[in-house]
Amino acid sequence: MRFLGLFAVLVTGALLLYGVKDFPHYGAADSPANEGVVPRYYMENTMKDARVPNAVTTTLADYRGYDTMFETSVVFTAGVAIFAILRVFGGDRNRHHPDSLRIRGDQFRIIVGTTSRLLIAPIQLFALYVLAHGHHSPGGGFQGGVIIGASFLLLSVARNLGESLTRLPEHRFFTLGATGVLIYAGIGLLCLLLGHHFLDYRALQHVLPGVGPEMARSHGILGVEIGVAITVSSIMFAIYANLSTRGELKKGL
Amino acid sequence: MIWQFDTLILLLLLVAAVVSLRLRDLLAASVVFGIYSFLMCLLWAEMAAVDVAFTEAAVGAGVSALFMIATVYQTTRKSSD
């Protein structure tokens, strides 16, 4: 059986390597990704359409807005699924850990706690920068949201889960997760109500004062990115809180 | 793209992948898996896909390694196979 598995892996690997031969060279100007009509349109018109220099952001949140909206719902669904599988209410399960897992070095707790307390504020500021500056530099809603979530995870690991649960209790992080998806879909619906297509941010020029259609698209992108960030950050924390306590949400790592 | 960097990162990537599969200690394996993600992030950044590299660094090396450590803490540390 072992050799059969090895054989299958080797054959698949050889076939994949054989397929690499047909790929275009790295950075080739005539590769499909550079020559196709659609990608070329995206790269050439991102400044003209939305005044966003980072073509990745425009593609993600505007040209391919539907994709990102449903990706956000996928993240929310993942959080709900983890909740449905792991969460238990009431009843102490009376678990005991094997000794190998008991964390030694409790005397360093004050060092770890203080260092992470000092780090959390800069991390969250950086996350907001990543979120707001996604138009001009790498970053955006997903990355900024993950970094905000990571700051809560750092607090849970360095101190304990209870401390971060007092700041972001369960009912709140699931409400926030749903709110993010609603912000995204709501902006889409607003565009629909204003007489354009769903997620056609140009419609926002009717509600935002003194804004042309291009800047309306830019602001629409920022709006949906904020929705994405809210969902991603709260669901990251929800997943961690359920995983690290077997769904009891009492005290974690 | 600098081929010396590429070769080095790809070699380290292979080592990290094999080591994380072979390790019996699951806590160590998840840490090595975080290293694997970080090397992937370096590779993306080196291929000028900075947005992907950023996501890989935040999600792969940061949060998902922590998810795995939390899961190991709640299940068992020794691999049975």
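Given the criteria within 14 Å of chain A (Cβ to nearest Cβ), surrounded by fewer than 14 Cβ atoms within 10 Å (Cβ to Cβ) and either at pLDDT 95 or above or touching a Phe, Trp or Tyr at 6+ places or on another chain (Cβ under 8 Å) (or both), does B:M1 qualify? Criteria met by B:M1.
The listed residues are A:L161, A:L182, A:L222, A:L168, and the only one of them that is in contact (Cβ under 8 Å) with a residue 24 or more places away in the chain and within 14 Å of chain B (Cβ to nearest Cβ) turns out to be A:L161. Residue count for the stretch A:64-76 satisfying the condition of being over 13 Å from the mean Cα position of the chain (by Cα) and surrounded by fewer than 20 Cβ atoms within 10 Å (Cβ to Cβ): 3.
Taking the stretch A:106-168 and the helices (runs of 4 or more DSSP H) fully enclosed by it, the elements with 2 or more residues that are at pLDDT below 85 are at A:109-132, A:161-167.
Kindly establish whether A:V52 is touching a residue at least 40 places away in the same chain (Cβ under 8 Å), surrounded by 10 or more Cβ atoms within 10 Å (Cβ to Cβ), among the hydrophobic types (A, V, I, L, M, F, W, C) and within 14 Å of another protein chain (Cβ to nearest Cβ). Give the derivation first.
Numbers: touching a residue at least 40 places away in the same chain (Cβ under 8 Å): yes; surrounded by 10 or more Cβ atoms within 10 Å (Cβ to Cβ): yes; among the hydrophobic types (A, V, I, L, M, F, W, C): yes; within 14 Å of another protein chain (Cβ to nearest Cβ): yes.
Yes, satisfied.
Select, from A:L176, A:L204, the only residue that is away from chain B (no Cβ under 14 Å) and either surrounded by fewer than 22 Cβ atoms within 10 Å (Cβ to Cβ) or touching a Ser or Thr at 6+ places or on another chain (Cβ under 8 Å) (or both).
A:L176
Cβ-Cβ contacts under 7 Å between residues 6 or more apart (or on different chains), taken from a first residue in the stretch B:19-45 that is closer than 11 Å to B:G60 by Cα to a second residue that is surrounded by fewer than 19 Cβ atoms within 10 Å (Cβ to Cβ) and of a type in the set (S, T, N, Q), are listed as B:F33/B:S20; B:Y36/B:S20. Among the conditions (1) touching a residue at least 60 places away in the same chain (Cβ under 8 Å); (2) under 28 Å from A:H135 (Cα atoms), A:P32 misses just one, which is (1).
So that you can scan it fast, the table gives a plain yes or no per residue for (1) surrounded by fewer than 22 Cβ atoms within 10 Å (Cβ to Cβ); (2) within 14 Å of chain B (Cβ to nearest Cβ):
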position	(1), (2)
A:R217	no, no
A:V228	no, yes
A:V232	no, yes
A:I235	no, yes
A:S244	no, yes
A:L249	yes, yes
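Scan the stretch A:32-40 and tell me whether some residue there is surrounded by 14 or more Cβ atoms within 10 Å (Cβ to Cβ) and not aliphatic (A, V, I, L, M). Among the residues of the stretch A:32-40, at least one is surrounded by 14 or more Cβ atoms within 10 Å (Cβ to Cβ) and not aliphatic (A, V, I, L, M), which makes the answer yes. Suppose we keep only residues that are over 17 Å from B:V32 (Cβ atoms) and either touching a Pro at 6+ places or on another chain (Cβ under 6 Å) or modelled with pLDDT of 90 or more (or both) within the stretch B:48-77. Which one would you say is surrounded by the fewest Cβ atoms within 10 Å (Cβ to Cβ)? Among those that are over 17 Å from B:V32 (Cβ atoms) and either touching a Pro at 6+ places or on another chain (Cβ under 6 Å) or modelled with pLDDT of 90 or more (or both), it is B:V50.
Flag not set for B:L43, criterion: crowded, with 16+ Cβ neighbours inside 10 Å, of a type outside the set (V, I, T) and within 10 Å of another protein chain (Cβ to nearest Cβ).
Scanning the stretch A:197-221 for residues that are out of contact with any helix residue (DSSP H, G or I) (no Cβ under 7 Å at 6 or more places or on another chain) and part of a helix (DSSP H, G or I) yields A:H206, A:M215.
The values are calculated or read from the model by the stated rules, or taken from the named source; none is laboratory data. Because the structure is predicted, anything quoted here is derived from the model rather than measured. A quick note on method: Cβ atoms are made from the backbone with ideal geometry, for glycine too, and the neighbour counts reach across all protein chains shown.
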